[in-house]
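The block underneath contains the structure these notes are about, expressed in structure tokens.
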Amino acid sequence: MNPSPASEPSFDTVRIGLVSISDRASTGVYEDKGLPALRDWLGRALRNPVTYVERLIPDDRLQIANTLCELVDAVHCDLVLTTGGTGPAPRDVTPEATLDVADKEMPGFGEQMRRISLHYVPTAILSRQTAVIRARTLIINLPGQPKSIAETLEGLRQTDGQTLVPGLFAAVPYCIDLIGGPYLETDPAICAAFRPKSAQRPAHSR
């Protein structure tokens, strides 16, 4: 006998901080595209109810660090995604600011992003994205271009739809499990989350 929808467990609510880092976008020189790109991809990929907390700030190391601390310590975001400021230019200081507030560094996320991006452009080796844990929050630096954001989160697929290189978001839900956060559930058509069988909950029906 199948359980009724009312008896099924509900999706955990998740709070996600989105930070777009750009001198010019933050001063209105051009329209910010980072925050809409993040919202769009997460809205398609996650099945959980999500509260977004957004910030658009300049490439200032102290302000970036303070913003990350605010989103973790005061707002209590479960996940924080940044976009922009990860290249080699003098004003690109997002990784430094992220490491300033870290309890633990998670370098595998940056390694996987570069692995994915190298399939598209040789200049991916110039990107310095990383990820860290602060308290019970995962913070990930993403590229600045909307197309690159989607590519790195989602990964590479063959023409038949099979995954060639997993996107970094496939590892995000289990990482958040391990640090005591909510249980994130994804749409496998966008990005299938990977968990050991012992960490999986019964699947929700659609």
Worksheet, complete the sentence: Restricting region 49-102 to residues that are surrounded by fewer than 20 Cβ atoms within 10 Å (Cβ to Cβ) and among the polar types (S, T, N, Q), the one nearest to Val132 (Cα to Cα) turns out to be Asn66
Worksheet item: With respect to the numbered conditions (1) modelled with pLDDT under 95; (2) open to solvent by 60 Å² or more (accessible area, probe 1.4 Å), which one is the sole condition not fulfilled by Ser26?
Response: (2)
Worksheet entry | Among the candidates Ile149, Ile176, Ile125, Ile190, residue that is of a type in the set (Val, Ile, Thr) and more than 15 Å from the chain's Cα centre (by Cα) | Ile125
Worksheet item: Which one of Thr51, Thr67 is in contact (Cβ under 8 Å) with a residue 12 or more places away in the chain and part of a strand (DSSP E or B)?
Response: Thr51
Response to the item:
By residue number, the members of region 29-48 that are in a helix (DSSP H, G or I), open to solvent by 60 Å² or more (accessible area, probe 1.4 Å) and not acidic (Asp, Glu) are Arg39, Arg44
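The values are calculated or read from the model by the stated rules, or taken from the named source; none is laboratory data. Note that the coordinates shown come from a computational prediction; the quantities given were computed from them, not determined experimentally. In this analysis, Cβ positions are derived from the backbone assuming ideal geometry, glycine residues included, and neighbour counts consider all displayed protein chains. Areas reflect the complete protein model, heavy atoms only, side chains present, ligands, DNA and RNA absent. Shrake-Rupley method; radii C 1.70, N 1.55, O 1.52, S 1.80 Å.
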